[in-house]
Amino acid sequence: MIDHPGVNALTFTGSNEVGKRVALGAIARGAKYQLEMGGKNPVIVAADADLDQAVEATVSGGLRSTGQKCTATSRVIVQREVYEPFKQKLLERVKRLKLGDGMDPGTWMGPSASESQHRTVLSYIQKGIEEGATLLYGGREPENLKDGYYVEPAVFDHVKPHMTIAREEIFGPVLALIQAETLEEALALANDSEFGLSASIFTKNIGRCWPS
């Protein structure tokens, strides 16, 4: 398909390796192309943010579709002044989520798409623990759900920027909390990634996010 003269444009969603091959093939014959090759999407919660709104958006952005979206929120960068209250509100909200069959209207979060992806998510959770992050909630296989590849949504605290769960795309329901002293530090942490896809910020003064 990449080399076919009848294809004038290509769009691809998938791995970096395959995406680069698509780009090279398209460039070689002058075809247009568009790539979406993974993300490690940050949300910044500034000190003046509406915390309830930020929590709802973080939970929806990171855990809907069991985190299996290229644009899923993964890194949650929170200013120190509101870190603890945000964390508590986030945990309270996550604990209320209902896991189960995705065909059940009462279900909020379903299973991983496959056994291999399920194993990948669990391996990242274990990696987070081994590297020193604190698993505040979840990250286990629920005992009451056997027919499917289920894992509880995981919330990590004390995540450092160099940790694997802060750097690699997990494609699962894992939120990594990272504390920032200032908004400038939060922006720097958000940009400290080889991925570029989506990002969001919660503040009541968006002008603070850019130099005057």
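The values are calculated or read from the model by the stated rules, or taken from the named source; none is laboratory data. Quick caveat: nothing in here was measured; it's all calculated off a predicted structure. In this analysis, Cβ positions are derived from the backbone assuming ideal geometry, glycine residues included, and neighbour counts consider all displayed protein chains. Note: areas computed on protein heavy atoms with side chains; ligands, DNA, RNA excluded. Shrake-Rupley method; radii C 1.70, N 1.55, O 1.52, S 1.80 Å.
Kindly indicate the residue of region 1-56 that is part of a strand (DSSP E or B) and either farther than 28 Å from ARG167 by Cβ or of a type in the set (A, V, I, L, M, F, W, C) (or both) and also most open to solvent (accessible area, probe 1.4 Å) among those meeting that condition.
To start, the set of residues in region 1-56 that are part of a strand (DSSP E or B) comprises 9-13, 32-36, 41-45.
Retained after the next criterion (residues that are either farther than 28 Å from ARG167 by Cβ or of a type in the set (A, V, I, L, M, F, W, C) (or both)): 9-10, 12, 32, 35, 43-45.
Details: ALA9: 62, LEU10: 20, PHE12: 45, LYS32: 155, LEU35: 55, VAL43: 2, ILE44: 8, VAL45: 0 Å².
Looking at residues that are part of a strand (DSSP E or B) and either farther than 28 Å from ARG167 by Cβ or of a type in the set (A, V, I, L, M, F, W, C) (or both), I get LYS32.
Is one or more of the residues making up region 80-96 part of a strand (DSSP E or B), open to solvent by 40 Å² or more (accessible area, probe 1.4 Å) and out of contact with any Ser or Thr (no Cβ under 8 Å at 6 or more places or on another chain)? It would help to see each step written out before you state the result.
First, the residues of region 80-96 that are part of a strand (DSSP E or B): none.
Scanning region 80-96 turns up no residue that is part of a strand (DSSP E or B), open to solvent by 40 Å² or more (accessible area, probe 1.4 Å) and out of contact with any Ser or Thr (no Cβ under 8 Å at 6 or more places or on another chain).
If you take the residues of region 40-88 that are closer than 18 Å to PRO111 by Cα and basic (Lys, Arg), which of them is modelled with the highest pLDDT?
Among them, the one singled out is ARG64.
How about region 60-72: which of its residues are within 20 Å of LEU189 (Cα to Cα) and surrounded by fewer than 24 Cβ atoms within 10 Å (Cβ to Cβ)? Break it down into steps so the answer makes sense when it comes.
First, pick out the residues of region 60-72 that are within 20 Å of LEU189 (Cα to Cα): 61-62, 70-72.
Hits for region 60-72 are GLY61, CYS70, THR71.
So, of the residues in region 123-181 that are of a type in the set (S, T, N, Q) and open to solvent by 30 Å² or more (accessible area, probe 1.4 Å), which turns out to be nearest to ALA46 (Cα to Cα)? Outline the logic, then answer.
Of the residues in region 123-181, the ones of a type in the set (S, T, N, Q) are 123, 126, 134, 144, 164, 179.
Pick out the ones that are also open to solvent by 30 Å² or more (accessible area, probe 1.4 Å) and you get 123, 126, 134, 144, 179.
Working: SER123: 31, GLN126: 29, THR134: 22, ASN144: 38, GLN179: 11 Å.
Restricting to residues being of a type in the set (S, T, N, Q) and open to solvent by 30 Å² or more (accessible area, probe 1.4 Å), the top hit is GLN179.
Which numbered condition in (1) in contact (Cβ under 8 Å) with a residue 24 or more places away in the chain; (2) assigned to a loop (DSSP other than H, G, I, E, B) is the only one that PRO105 fails?
Tallying (1) in contact (Cβ under 8 Å) with a residue 24 or more places away in the chain; (2) assigned to a loop (DSSP other than H, G, I, E, B), PRO105 fails exactly one: (1).
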